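Nothing in this text is a laboratory measurement; each read-out follows from the coordinates by a stated rule. Everything numeric here is computed off the predicted structure, so don't read it as measured data. Please note: Cβ atoms are built from the backbone with ideal geometry, for glycine as well, and neighbour counts cover all protein chains shown.
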Amino acid sequence: MKIKLLSGIAIVGMALVFASCQKYPQAEVDAANAAVEAARTAQANLYVSGEFNALQDSLNTVLAAVEKEKSKLFKNYKDEVAKLTATSEMAKTVAANAVAKKEQMKQEVTATLGEISVLMTANKEMLAKAPKGKEGKAAMEAIQADLTTIETQVAEVNNKFASDDIIGALNQAKSLKDKATSINTELTDVMSKVKGKKK
Amino acid sequence: MARKLKKKVKVILITFLATLPLCVFGIFILATPESPEDELGKARMAIADARKTIEKDFIPPSLIEAESLYDSAMLCWKKENEKFILSRDYSKSRTFAIRSEQQALISPKIASQNTSDFVNSLERDLEAVKRDTAQIEQLYSRLPLPTIINKKYSRGIILLREAELNLEQKNFKECRVKLGLAKFDLSEVARYTRTLLDDYFSKLPMWKRWYDQAIRESAQNQSYALVVDKFASKCYVFLSGKLKTTYDVELGKNWIGDKRYSGDKATPEGKYKVTKKKDGSQTRYSKALLLNYPNDEDKAQFQKEIRNKTLPRYARIGNLIEIHGGGGRGANWTDGCVAFADRDMESLYRMIPVGCPVTILGSLQPLFEVIKNPKP
């Protein structure tokens, strides 16, 4: 009986020794790192910087937890594996959000450029009808210069858009729209005076 | 006896085997070095907090160093974990983690100082450029400027708006770049405009003399006198030296400066008289008052410019300068004439006789007054 008990203790002891050698979750660590890197490649740090910082923070925390487990005599990576999987999922969401945000901004740039185009067409039409001198051109050269500047800068916006600088393109497009709108207001005012005069 | 001994040895052996792992575990548990988990946790939190509070454009070198130290601490920890459990030494990792936390903790303070200094100066500069731009805006819209200056102005305004948008989005460095470019363009416009105006307003004392003379003569002769203030785009009608009424006028496209030659689209400055009243088929406008431009002074000045070769030999002196209708367009558009709104022209036409003196001058206000209150 005594021998059997001691044998049991010996077996449990050996089992514990083997249990302390649980495998390091290398695949999960690599997957989490790769997922965060993929989020960075999707420019999450630019388009959803808050979410990306939180993600980076989560990854750092879980990697530290993995190391903490690795430092122990009896290792159990079950929780850490779950956290690593969750981090990978979070990274995928953050990357998707970045792509969505970027797409939204792209659409905003396209829409703003469309609005600029409409305003520019209207501005050109009004400029053509705006008060002329006796025979020559009207004193509308300043406005013509504005329109030329806007057209040049629209090309710059398109270049930025093509080179993936969506934030820069959007800001420039917004300021161009403001300028085109102010010209439109100015010309509408002049045209209403002309119409009033014709009546 | 031998059997009893054998059994005793067996018991001792099994007991030894049973207690050996426990002893080994005991030794391992007691001798395993404590991991740098706490220090790294604190460093990580300090870095995360700093990242949250610091604007992305103002991350100080201390935070970059904190992150680098954290990475080093993690690396050391990993390296030590690869070793046999009893030979691990986390002191290096711990030291890196502590230094990382220290650097991360001082970062927000450094960044805050840098950020507030930078943002304050940025906001100050932006306000200054906006103020200067607003000041020249009213003047600018009325001045005949070369196309290159017009382009610089519109580009500057667009860049200024971009700078504002970047400031709203806390893209401070991009804001600084855009503001710098806007400032460059707009200050060139301001410089050009200022030079143009300084030059223009250098004749103010002479204009004041003309104005005083016109009123004096109107009072002496008990007659009408017209004074056209080009900068204010106004025509003042005096009767017997007293202001009777004021009209808005529109001028030549290049109204600033005196008329020099035919086709320069400038409105002349000088003392003239109405030589003819035109209506019906005599004029393409409803009514017109023909002036005696060029007068003797204009002719002398033109000849002088030809002699001095400041005008080419083929240049011709202008003529047919009138006060006529067709105005009220909100722009300076004539070839050099003074345009009134048709309704105003009708009433002026009825009032003004042939021979009425017409003084066309640059401005009645000094430049600083005009800049202070650009909209007449």
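General remarks:
- For region B:122-201, the calculated P(r), taken from all Cα-Cα distances in 5 Å bins from zero up to the bin holding the longest distance, is 3, 17, 28, 22, 14, 9, 5, 2, 0 percent.
- Assuming charge only on the beta carbon of Lys and Arg (+1) and of Asp and Glu (-1), the dipole of region B:17-154 about its Cα centre is about 360 debye to the nearest 20.
- For B:L105, the shell of other residues with beta-carbons less than 14 Å away shows a net charge of +1, using +1 for Lys and Arg and -1 for Asp and Glu.
- Lys/Arg +1, Asp/Glu -1 at C-beta; the protein assembly as shown dipole; positive extreme among B:G41, B:S363, A:I167: B:G41
- If you take the Cα centroid of region B:67-104 and the Cα centroid of region A:45-100, the two points sit 20 Å apart.
- Given charges at Cβ of Lys, Arg, Asp, Glu: chain B dipole, positive-most of B:Q103, B:G328, B:G280: B:Q103
- Chymotrypsin sites (Phe, Trp or Tyr not before Pro) within region B:75-170: DSSP coil, no more than 10 neighbouring Cβ in 10 Å: B:F84
- Cβ-defined net charge surrounding B:L69, 13 Å radius [Lys, Arg +1; Asp, Glu -1]: 0
- Stokes-Einstein D in µm²/s, Kirkwood radius over Cα pairs - region B:303-376 at 25 °C with 0.890 mPa s viscosity: 156
- The share of alpha-carbon pairs in region B:216-272 lying farther apart than 15 Å comes to 54%.
- Split chain B at each of the trypsin sites (Lys or Arg not before Pro) in a DSSP loop with at most 13 other beta carbon atoms within 10 Å, and the longest piece is B:84-283.
- For chain B, alpha-carbon Rg and Dmax in angstrom: 43.0, 161
- For region A:147-195 versus region B:292-345, the gap between their alpha-carbon centres in whole angstrom: 37
- Cα-Cα over 21 Å, subset of B:K244/B:K299; B:K271/B:K309; B:K273/B:K299; A:K174/B:K56: B:K244/B:K299; B:K271/B:K309; A:K174/B:K56
- Proximal lysine pairs, region A:41-104, alpha carbons under 27 Å, eight or more residues apart or interchain: 13
- Relative to the 2.2 N^0.38 Å rule of thumb, the protein assembly as shown has a C-alpha radius of gyration ratio of 1.70.
- Annotation: lysines with alpha-carbon distance below 16 angstrom to B:K151 (same-chain offsets under eight excluded): A:K179, B:K183.
- When the GluC sites (Glu not before Pro) in region B:1-106 are filtered for DSSP coil states and for at most 10 other beta-carbon atoms within 10 Å of their beta-carbon, the remaining sites are B:E34, B:E82.
- For a straight C-alpha distance cut-off of 18 angstrom, the aspartates and glutamates reachable from A:K129 (same-chain residues fewer than eight places away being disregarded) are A:E141, A:D146, A:E186, A:D189.
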